[in-house]
1. Would you mind telling me which numbered condition in (1) at positive phi; (2) among the small types (Gly, Ala, Ser); (3) under 15 Å from the mean Cα position of the chain (by Cα) GLY68 fails?
2. Which one is nearest to SER71 (Cα to Cα), of the residues in region 13-36 that are surrounded by fewer than 16 Cβ atoms within 10 Å (Cβ to Cβ) and charged (D, E, K, R)?
3. Of all residues in region 75-102 being more than 21 Å from PRO50 (Cα to Cα) and among the hydroxyl-bearing types (Ser, Thr, Tyr), which is surrounded by the most Cβ atoms within 10 Å (Cβ to Cβ)?
4. Would you mind telling me which numbered condition in (1) farther than 15 Å from ALA65 by Cα; (2) in a loop (DSSP other than H, G, I, E, B); (3) open to solvent by 30 Å² or more (accessible area, probe 1.4 Å) MET10 fails?
5. Name the pairs whose Cβ atoms lie under 6 Å apart, with the first residue in region 85-112 and at pLDDT below 95, the second assigned to a helix (DSSP H, G or I) and open to solvent by less than 80 Å² (accessible area, probe 1.4 Å), and 6 or more positions between them or separate chains?
Amino acid sequence: MSWCGAMGIMQLMPLTAKEMGVSNPFDPEENIQGGIKYDRVVYNYFKKIPLQIERRKFMFAGYNAGMGNISRAINLSKSYVWDEVKDYLPLVTGKHAQETINYVAKIHKVKGGLQ
């Protein structure tokens with residue numbers, strides 16, 4: 001379990017796990033299925049972002065920091081470009097912003113730009 005209460009391989013928060021139908025968040029298969037289902041929820045939440053590569057960055061940011069927090073950063077920045085929005089994230093999530101910024105950068109690098 002993480003410092004904020006996230007559980008299992010996909011680090012699902014208790015309410016998210018419940019909403020995704022995960023009854024045992026420490027069962028690897030169930031946790032991964034719930035995490036993938038939640039990925040789709042977050043991806044669809046950011047459907048207004050036209051470029052797929054940017055939308056994926058926001059999906060990962062939303063998974064990490066919460067969709068509402070990322071939406072607030074979007075509103076402050078008035079942009080749908082992650083490299084612009086991330087500069088506003090500290091105004092929303094404070095000291096935890098860097099964790100999300102690093103998370104998105106790491107996934108982007110591992111996935112070869114999320115093409």
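1. (1)
2. Of the residues in region 13-36, the ones surrounded by fewer than 16 Cβ atoms within 10 Å (Cβ to Cβ) are 14-15, 18-19, 21, 23-24, 26-29, 32-33, 36.
Narrowing the set further to residues that are charged (D, E, K, R) leaves 18-19, 27, 29.
Values: LYS18: 23, GLU19: 20, ASP27: 31, GLU29: 30 Å.
Filtering first and then ranking leaves GLU19.
3. Quick first cut of region 75-102, residues more than 21 Å from PRO50 (Cα to Cα) only: 90-100, 102.
Of the ones still in play, those that are also among the hydroxyl-bearing types (Ser, Thr, Tyr) are 93, 100.
Numbers: THR93: 20, THR100: 24.
Across region 75-102, the extreme among qualifying residues is THR100.
4. Unmet condition: (1).
5. TYR103/ASN64; ILE107/PHE60
The values are calculated or read from the model by the stated rules, or taken from the named source; none is laboratory data. Keep in mind that this is a model prediction, so the values were computed, not measured. So basically every Cβ, Gly included, is an ideal-geometry build from the backbone, and we count neighbours across all protein chains shown. SASA here: full protein model, heavy atoms, side chains in, ligands and nucleic acids out. Shrake-Rupley method; radii C 1.70, N 1.55, O 1.52, S 1.80 Å.
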